[in-house]
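The values are calculated or read from the model by the stated rules, or taken from the named source; none is laboratory data. Quick caveat, the model's predicted, so the values are computed rather than measured. Cβ placement follows ideal geometry from the backbone for every residue including glycine, while neighbour counts extend to all protein chains displayed. The protein model used for the area step is the full one, side chains on, heavy atoms only, and it has no ligands, DNA or RNA in it. Shrake-Rupley method; radii C 1.70, N 1.55, O 1.52, S 1.80 Å.
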Amino acid sequence: MIRDSVDDGSWVMLQNCHLMASWMPTLERIVEGISPTRVHQNFRLWLTSAVSPDFPVSILQNSVKMVNEPPRGLKASLFRAFQGWTDEKLNGCSKVDEWKRLLFGLFYFHALVLERRKFGPLGWNIAYDFNDSDLDVCVRQLQIFLDSTDSIPRALKSLNLIFSQVNYGGRVTDNWDRRCIEVILADIYTKEAAMTDNFPLSQSNLYRIPKPCSLAQYQDYIASLDMNDPPEAFGMHQNAIITYGLQETTRICQSALVMLPRQTGTEGDLWETTVLDTSHSILAQLPERPFDLDSIARLFPVSHEQSYNTVLHQEASRYNRLLRTVRHSLKHVEQALDGEILMSSALEAVANSIFNGLIPTEWSKVAFPSLKPLGSWVKDLVARLDFINNWIQNKHPNVVWMSGLFFPQSFLTATLQNFVRKYHIPIDAIAFSFEVMPGKRNTITAPAPDGCYIDGLYLESAKWDYEHHAITEPDAKVLYSEMPVIWLKPRQKSEEANDARQRHTFTYNIPVYKTLARAGVLATTGHSTNFVLDMRLPASRPASHWIKRGVALFCSLSD
């Protein structure tokens, strides 16, 4: 078809090329075979594709590119939502005032879910491709519900469910993201929003649902909004702007780092020198010998009453495998640079990662999840090895450093197993309750009577208020704060569910992740593999406040 069109001057459009990745090399050969001297002057080839690494680069380099992206910013998104609307269409519902208020609220909600993506994991754990079709379906359903019911509260209840669980929620695969989208919509789609003029959408009332008016007046209100979206519009703290800026800076620096030269002319091979020096430094910091698994098995035998012994043996085995991989690859890289062995593509990839200060992919496959650069990662690895070694030398620690565990979920399971075997209770009837301890790690002089003490967690978008014993607002320009020691207490599920609510006015069910990425491979449980557990902790404000802020706990930071 393409060849025939080249001769007769027809136009050809191939849509969704990213869905035919295996055919892309064929397309590349066809395009390269088109001779400029014999092609018809009216011939055009149109290709549409989502972003895809399989799309031929040569075609991109020799084509005119057009990109259709959603507008950036709440102001631009609201303007786009009103495109194609007329006053006649705005007045096309039997309940005009309620229709206009809820329609503007829906447009604002659509803009919010789009713009939260710029904050990265702080906005959404996974970046979802919400688009105009989601909005169009919701608009039609909103009009149908308002025209067919006399009860606004009943209609709002149904619309909240349909919008958050089906139209928009149907794209959401992460449970914590689904909780967030439900809260955002529930704060906008209320009876007060449908019946009240100038209903506030932000704390400062800068963003609000205007009283029912004409299309021109809506556009004038949108034009009065600031071009730069304040974090309060999303329910976030001012620190979110810093997080966004750091993410953008990191992305630009990483792109620039890849383009650095590998050699300098008169001063020798900078690339080889850097790789060799870094390799020697890493090997010098690592222990000469791996953990003695036989000795661990003798000192900590498998026991029905003490499941922690099994956890220790598994952790030591995982770190031994990582140490073998790191040592093996570094020694082979050094040999390759010295000319003793051939530099394979795998070794070159390791060397390039070392030069760029990144964790080699070969190591990441057997390593603990981490977003740290190479230097910080090595220091973290050494600290983790020291933690395991202290456990072996000094028996089970009074306070377990959660960040030092390769697989913390197994440790939590072992804690529950120890409890149920001690008291002869079914494990499926037990859950953790959580108590934040008032003192520091060094004030804990004995293991917990039941459960365990843990530390090494970090709060994002909040901090712990030692005076009022609750989660509270973070300090300005402080993105992460260290969490005190937490007592994980196994309890009957019926007791755990009511305990925190009885002792505190507000509680927040806070997720705990291994890294700041939050997202990971989706497991059959519906949770990410990056997810560890959730903790119900006392808070100074309602849960919806912290959900929109993206407050979470982390075992490891990115520096």
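Okay, here's what the table says:
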item: Failed item in (1) outside any loop (DSSP other than H, G, I, E, B); (2) in contact (Cβ under 8 Å) with a residue 40 or more places away in the chain; (3) under 20 Å from residue 257 (Cβ atoms), with residue 321 passing the rest; result: (3)
item: Candidates 370, 353, 329, 403, filtered to the one that is surrounded by 15 or more Cβ atoms within 10 Å (Cβ to Cβ) and in a loop (DSSP other than H, G, I, E, B); result: 370
item: Candidates 89, 75, 95 - the one that is out of contact with any Asp or Glu (no Cβ under 8 Å at 6 or more places or on another chain) and either of a type in the set (Lys, Arg) or on the phi > 0 side of the Ramachandran plot (or both); result: 89
item: Number of positions in region 1-17 that are part of a helix (DSSP H, G or I) and open to solvent by 60 Å² or more (accessible area, probe 1.4 Å); result: 4
item: Looking only at region 29-55, and only at residues there that are farther than 20 Å from residue 129 by Cα and among the polar types (S, T, N, Q), the one that is most open to solvent (accessible area, probe 1.4 Å); result: 41
item: Residue 227 open to solvent by 70 Å² or more (accessible area, probe 1.4 Å), outside any helix (DSSP H, G or I), of a type in the set (A, V, I, L, M) and modelled with pLDDT of 85 or more; result: yes
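Condition check ((1) touching a helix residue (DSSP H, G or I) at 6+ places or on another chain (Cβ under 9 Å); (2) open to solvent by 10 Å² or more (accessible area, probe 1.4 Å)) across all residues:
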position	(1), (2)
319	yes, no
336	yes, yes
387	yes, yes
394	no, yes
408	yes, no
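A quick yes/no check of all residues on (1) polar (S, T, N, Q); (2) in contact with a Phe, Trp or Tyr (Cβ under 7 Å, 6 or more places away or on another chain); (3) modelled with pLDDT of 95 or more:
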position	(1), (2), (3)
377	no, no, yes
380	no, no, yes
385	no, yes, yes
397	no, yes, no
414	no, yes, yes
421	no, no, no
425	no, no, no
453	no, yes, yes
